[in-house]
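> Below you'll find the structure I mean.
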Amino acid sequence: MLNMTANFESIKIQFEKNTAEICGIIFEIDERTFFRKPETSGWCVAEIIEHLLISDKTGLFAIVRKTLPTERNPLEILSLLEERSKDKGARLQAPEAAEPRGIFKTRDEAIAAWKDNREKVLKKVTSENIWMLAAGFEHPKLGMLTVAEWMLFMCWHSEHHLTQIERCIKVS
């Protein structure tokens, strides 16, 4: 049986550390580099952050809209995320709805929007609802996720895009 209290704290801490790590990296990028495309087919850092924001907002929507008790392991997809983490260079096609549209005009605006959404997630997640199914929205590739799985997906997803961010920085 899972120790729900300990796991709640560890997931929350992992989410906070992940947010701080990404912010620490993107705060160091100058405005010009933030908006410069690394290659014709790649996203610039601003577009990567917009994509992460779209995805994270979907998770927040799923969490706040509706949660239901579940009989399944609330961390069922963890092994899948761990497996995907092994292939750092994997290029997965984002769903059209999660593709960036160029909404940010400044680096600070992009960072603030992403960080603000992450803070909203933390405010909505509790030790009571973290193990529930976030039935407000189904992930397009992973299906219905629990609140804990959405948080872990957000961490995995931003870590996955660090490779792209680093590639944008190296082009400097």
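> Within region 27-83, track down each residue that is open to solvent by 10 Å² or more (accessible area, probe 1.4 Å) and aromatic (F, W, Y).
If the condition is that a residue be open to solvent by 10 Å² or more (accessible area, probe 1.4 Å) and aromatic (F, W, Y), then F27, F35, W43, F61 are the ones that fit.
> Right, something else. Can you find, within region 1-26, the residue that is modelled with the highest pLDDT among those that are over 19 Å from H157 (Cβ atoms) and open to solvent by less than 70 Å² (accessible area, probe 1.4 Å)?
That would be F8.
> Report whether or not R32 is modelled with pLDDT of 90 or more, in contact with a strand residue (DSSP E or B) (Cβ under 9 Å, 6 or more places away or on another chain) and basic (K, R).
Taking the combined requirement at face value, the residue does not satisfy it.
> Filter region 36-81 down to the residues that are of a type in the set (V, I, T) and part of a loop (DSSP other than H, G, I, E, B) and list them by number.
The answer is T40, T70, I77.
> Please go through region 95-130 and pick out each residue that is of a type in the set (A, V, I, L, M, F, W, C) and either surrounded by 15 or more Cβ atoms within 10 Å (Cβ to Cβ) or part of a helix (DSSP H, G or I) (or both). Quick ask: steps written out before the conclusion?
First, the residues of region 95-130 that are of a type in the set (A, V, I, L, M, F, W, C): 97-98, 103-104, 110-114, 121-122, 125, 130.
Correct list: A97, A98, F104, A110, I111, A112, A113, W114, V121, L122, V125, I130.
> Which residue pairs have Cβ atoms under 8 Å apart, sit 6 or more places apart or on different chains, and have a first residue in region 67-93 that is under 16 Å from W156 (Cβ atoms) and a second that is of a type in the set (K, R) and modelled with pLDDT under 80?
A90/R84
The values are calculated or read from the model by the stated rules, or taken from the named source; none is laboratory data. As the structure is a prediction and not an experimental result, all values here were calculated from the model. Positions of Cβ are generated from backbone atoms using ideal geometry, with glycine treated the same way; all protein chains shown enter the neighbour counts. Side chains are part of the model used for accessible areas, which takes the heavy atoms of the whole protein and leaves out ligands, DNA and RNA. Shrake-Rupley method; radii C 1.70, N 1.55, O 1.52, S 1.80 Å.
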